[in-house]
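Contents: one structure, followed by commentary.
Since every read-out is calculated from the coordinates, none of them should be taken as a lab result. Please read these numbers as outputs of a predicted model, since none were measured by experiment. Counting neighbours? That spans all protein chains shown, and the Cβs are built from the backbone with ideal geometry, glycine included.
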DNA sequence: GTGCCGATGTCCATAAGATGGACTCCACAG
DNA sequence: CTGTGGAGTCCATCTTATGGACATCGGCAC
């Protein structure tokens with residue numbers, strides 16, 4: 001389960017070696033530029049009068065990347081907040097049951113209250129039950145691991161994972177992992193079916209600094225041009241292919257699911273190693289993905305619930 | 001749904017007519033007594049330096065009571081906070097995707113982010129899949145509605161609901177509803193298997209004021225004595241019976257589920273109308289509940305998962 | 001129509017409360 | 001033993017949340 005950590009590490013150590021600013025300093029962000037909308041690339045607007053809420057939400061999102069627990073230092077680093085602040089907020093969240101603190105391993109995870117709230121919320125978001133059968137079928141028929149991701153603002157979040165039978169499995173993707181739209185096949189599949197204007201907006205402003213571009217974080221293979229090229233390919237076939245762009249040799253394919261208003265809000269995807277994604281098989285896998293995505297979409301269209 | 005809420009109601013309506021301070025003033029609480037452990041009777045300790053976190057958690061819990069949406073006024077009333085504060089916090093939470101604001105109906109619900117986080121958390125709390133089959137069986141075999149509740153501090157929270165076929169159904173209990181331990185059959189079943197010391201603590205201090213007792217909120221049939229009497233009955237049979245104590249004619253029965261350390265952390269329960277809970281049938285239903293609770297308990301005991 | 005009521009939503013001066021620099025403590029490696 | 005890196009704690013400072021007061025909206029009675 002720490003293979004994931006690995007990736008984080010790799011990325012932290014390697015990709016970010018843009019050279020400049022060895023000591024991070026984004027934490028001063030909130031002190032000076034009140035009109036500045038983007039301190040972090042989350043999904044929130046400026047908002048007035050409750051920055052703590054933004055911080056808490058940020059921390060909750062960060063903790064969520066690792067269901068198996070995240071150490072304080074990692075959260076401090078990735079949040080850009082100071083250690084005392086993060087520690088205090090995490091402690092308070094834990095006191096409320098929203099987080100849990102593993103005192104032995106010094107890690108933080110989601111607490112029972114999050115689970116409880118999520119279960120309640122799940123009553124309003126029935127995607128889970130709707131998509132699980134599709135995931136199972138995909139995993140069984142292909143042998144690869146199958147995933148459901150949801151769009152959240154400019155990101156996708158991996159919600160469900162269904163393991164395939166193939167003995168070599170990638171752990172780049174698992175529950176809670178977030179990617180910007182355009183990175184990973186799920187985000188690519190979703191992005192491909194958003195209106196052009198939104199695509200432009202999403203690919204253009206990644207905050208303010210040019211250091212914050214997707215490419216800076218995820219490598220040159222995620223330059224706007226590369227992403228747009230892949231978008232075109234995705235629009236032609238209907239499904240997205242990620243040819244090892246995140247981790248060499250780790251391929252993925254995805255297809256979008258559309259909500260009642262016709263917008264792509266989720267995606268099904270498959271991941272595996274490169275030899276399992278030869279061109280001929282891509283067509284097969286792509287069709288399977290499209291079939292299942294279409295099935296889920298149709299179920300979603302149907303009920304006028306509420 | 002903390003007992004705390006109650007007080008607010010009481011105060012607003014009548015009890016606080018002690019003459020002094022018609023305007024509520026419990027909000028000064030945090031300013032003076034730092035060592036005082038009980039400012040609010042939720043599940044949290046004093047905590048230092050992040051009262052906003054407590055407020056946010058409180059609001060999230062309150063919103064969760066009603067998956068279908070809660071108006072601002074209700075949250076303001078039950079939280080004891082001022083309207084501007086509640087409004088600002090809710091707005092901020094909505095901006096983060098943790099809540100959703102129905103601008104037409106002026107109601108607040110859980111947002112997609114809560115659902116996402118919950119789904120991630122669910123990977124660590126597999127009770128859902130473990131218990132669902134039991135709920136389905138219970139609902140099918142009895143015709144009543146079946147529920148899974150979880151213990152959260154001094155409360156139970158209803159997590160899952162499975163409708164029965166019987167055409168008259170009670171909606172006292174549904175996803176997100178919270179009761180103090182000792183109220184409703186699920187909480188009674190759990191309370192009955194907690195150590196005596198804990199039971200005493202839970203039944204004794206319901207905060208600080210004597211106006212905050214469970215009985216004050218849930219009626220004299222929930223006096224400590226009555227609860228203890230019911231506890232005894234529960235310990236004899238193994239299952240709890242709620243003979244319409246919350247709502248006349250709305251009966252319930254529950255059985256506890258035990259975690260790996262042998263503590264009662266969840267409960268299965270059935271609800272229905274009084275004629276369906278005649279003594280002979282109680283035995284049948286009770287046995288079914290015990291069987292299913294035991295089954296879930298055994299599954300929980302088994303895996304040494306991380 | 002008009003006026004009342006209860007609700008939501010907004011503003012901004014105030015002071016309450018969150019912040020983070022600096023410190024301690026602990027575990028582990030060399 | 002000393003050095004390094006991380007977790008956790010403290011408290012003076014000043015940023016940030018607070019809530020009283022106001023604006024607005026929609027429904028309802030007359």
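Of A:105, B:88, the sequence from fewest to most neighbouring Cβ atoms within 10 angstrom is A:105, B:88.
Obtain the nm distance between the two label points defined at residue A:298 and residue A:197 by a simple spin-label model: each point lies 7 Å from its Cα along the Cα-to-C-beta direction. That separation, rounded to one decimal, is 3.3 nm. The eigenvalues of the Cα gyration tensor, multiplied by 5 and square-rooted, give segment B:125-301 an equivalent ellipsoid with semi-axes of 23, 19, 14 Å from largest to smallest.
Each residue in A:248, B:280, A:144 was given a count of other beta-carbon atoms within 10 angstrom of its own, and listing them fewest first yields B:280, A:248, A:144.
Taking every residue in B:144-154 and counting other chain Cβ atoms within 10 Å of its Cβ, the average works out to 2. How would you classify segment A:109-208 from its alpha-carbon gyration tensor, with a ≥ b ≥ c the square roots of the eigenvalues: rounded for a/c under 1.5, else prolate if a/b is greater than b/c, otherwise oblate? Verdict is oblate for segment A:109-208.
Cβ crowding within 10 Å, taken as a proxy for footprinting-reagent exposure, orders A:185, A:261 from fewest neighbours to most as A:261, A:185. Label-to-label distances for residue B:229 across copies, nearest first, come out at 8.0 nm, using points 7 Å from Cα in the beta-carbon direction.
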